[in-house]
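Only one structure is covered here, and it is reproduced in the block below.
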Amino acid sequence: MNLTAAPGATGPAAWADALLLSFAQAGYVQAEPAILQPAEPFLDLSGEDIRKSLYLTTDASGEELCLRPDLTIPVARDYLASSRAGQPAGFSYLGPVFRYRGGRPSEFLQAGIESFGRQDRAAADAEMLALALEATSAFGLTEVDIRTGDVALFIALIDALDLYPVWRRRLIKDFNRKISLEQDLERLTLATGSGRNEYEGVLAALAGSDRKAALALVTDLMSIAGTTNVGGRSVSEIADRFLEQSTLKGGALPRDALDLIKRFLAIAGDPDDAIARLRALADDAQLDITAAIDQFESRVRFMAARGIDTGATRFSTSFGRGLDYYTGFEFELHSKGNGVEPLVAGGRYDGLMTQLGAPTPIPAVGFSVWVETLTQAGRKPVASGGAS
């Protein structure tokens, strides 16, 4: 990798330009998505919590728009609108993003890589982490904390436990959004009261229903009432809430399922040790999660092949990045001893493309570089010969 800033250029912009050059040398084409974006994809796919940080406006047709809060979704939308949609393609980016951050600048630079369409998922995951580490070393940070996780393992566990669909959605949402999963697990195991409430009839009607049926019923009821939301909650959010209450009235989360989830979430440390502990848990509880563990192990082997010291990598089954659209590998790179804010963060999000309108699933993985954070933590990019 050869990082050199433009002649006369100084500051974070120069460092970011050098970083973008390194991405180009690695084969990633620069993308330049529009700054003004439809707000709906960010609200639907990143979670409603992001609304309070967005800069929103409405056009003449009534469509809600926003200044892009990150670049992953805009780059993915442009890829899907291009002639290369569905084919393997890699993109890099550098540009401003806009997000309210409570006293800190709301406009800041973001760089990164998005890789679409590669079927060799484990190898692609390892490549993202390797390139992310090259980005930090280019800024003079040769030692960083590598924190990794894999939401696909948690999803595989929940599926193997054969829980009610509403519990599955609830637990995965908690995991992805960094809500107190342990607290919610305990709540779901409590016996529900026998008292009635004003929605008893709705809950009875939903008993045994799936999400589609619940959504249809709530849509009809709200249409009759002449409203599209209640207390800021959308129809889908209200339907999910009714489904939760209906399911809870039918019985609590089984205690043995709770115990297995807790055992799973306690696994952390060296990736090789985690693999062994996961296989032992699967054998002991007779859980069919072998495919997810195999994918995890394959990724670790590809990481080692890329020169990553996997023994220095911190893996945790409970690690998540707080975004709904992640479906597998997730990671963050932090400064040693001062790692509150990530320097680089990313992961796999195979489900995003169909949620954005792709007719068939498209594998996707990538990462974002927080340029200002890196420039504050590091120093001038280190030059080295050859392309990465």
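Judged by the ratio a/c of the largest to the smallest principal axis of the C-alpha gyration tensor, region 53-142 counts as oblate, that ratio being 1.5 or greater while a/b is no larger than b/c. Peptides 341-354, 106-119 ranked from most to least packed by the mean count of surrounding Cβ atoms within 10 Å: 341-354, 106-119.
Starting from 0.36 nm per residue, how many nanometres of slack lie between residue 316 and residue 40 once their C-alpha separation is accounted for?
Gain on stretching residue 316 to residue 40: 96.2 nm.
Every read-out reported here was derived from the displayed coordinates using simple, explicitly stated rules and does not represent laboratory data. These numbers were taken from a predicted model, which means no experiment stands behind them. Glycine also receives a Cβ, built like all others from the backbone with ideal geometry; neighbour counts cover every protein chain displayed.
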